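Laboratory data are not the source of any read-out in this text; all were calculated from the coordinates shown. Everything numeric here is computed off the predicted structure, so don't read it as measured data. Positions of Cβ are generated from backbone atoms using ideal geometry, with glycine treated the same way; all protein chains shown enter the neighbour counts.
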Amino acid sequence: MIVLAGTIGAGKSSLTAMLAKRLNSQAFYESIDDNEVLPLFYANPEQYAFLLQIYFLNRRFESIKQAMKDDDNVLDRSIYEDSLLFHLNADLGRATEIEVKVYDELLANMMEELPFAAEKKHPDLLVHIKVSFKTMLERIQKRGREYEQLEFDPSLYDYYEELNRRYDSWYDNYNESPKIQIDGDRHNFVEDPQAQEYVMRLVEEKLAEIRGNVVI
């Protein structure tokens, strides 16, 4: 199982589709377009931050259970970075102490349930896509979701900047599985076929290393 991580607009969904096709496996995507809570959160984050994170936590838990059933399945965002997202909102005053306590306890209980089999206690590989804040903003603007735009809410600028910054320390401290980091600015795999092939090869080589195989 391969899990992707990265800030908004990093290219997680695109890379998930590419990897799943390359590995002839199944892709699991974060629920966005059919997420009825997400627009509510952007309109009133103080009221809906907790509800949104519980919604995502439930969906991610279900996805990771399904992805564990077969080899090489790919998730475009996983439960492993869920705490980063919620605690950022909590630090911004969008969640109460009680909500943080309930969330942390629920996440801990869910994580204890993940090792369904001795041979599958964690992902095989985490792929973190690192992009600059400038690239993040450009991608958000390009994909055009109205509620994500700075014109919709200028305060999102500070939220996006802090979210992007926190991913660096999150990746450094992640130790649930082997991991690699992709420079999404340098290797624009979404638009550049050569960059796409480079990233595919990088992931394949890492998987081969993990499995003790040799890539020819």
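Annotations for the structure displayed:
- Beta bridges by DSSP in the chain, antiparallel share as percent, to the nearest 5: 5
- Against the chain, whose longest principal axis is taken from its Cα atoms, helix 12-23 shows a tilt of about 20°.
- Degrees separating the helix 45-67 axis from the principal Cα axis of the chain, which is the longest one: 20
- Protection proxy ranking of 2-13, 21-32, 201-212 - average other beta-carbon atoms within 10 Å, highest first: 2-13, 21-32, 201-212
- Stretching Asp158 away from Gln181 to a fully extended chain increases their span by 5.9 nm, per 0.36 nm per residue minus the current alpha-carbon distance.
- Nearest 10 degrees, 0 to 90: helix 82-91 Cα axis against the chain principal axis: 20
- Paramagnetic label reach from Val37 (point 7 Å along Cα→Cβ; backbone nitrogen cut-off under 15 Å): within segment 144-166, no residues.
- Residue (of Gly11, Pro39, Gln53) at the positive-pole extreme of segment 2-211, dipole from beta-carbon charges: Gly11
- Dipole of segment 129-216 computed with +1 at Lys/Arg Cβ and -1 at Asp/Glu Cβ about the Cα centre; of Gln196, Leu137, Pro154, farthest Cα towards the positive end is Gln196.
- Dipole moment magnitude, nearest 20 debye, the chain about Cα centre, only Lys, Arg, Asp, Glu C-beta charged: 560
- Computed packing ranks the peptides 173-183, 49-59 as 49-59, 173-183, most packed first, by mean other Cβ atoms within 10 Å.
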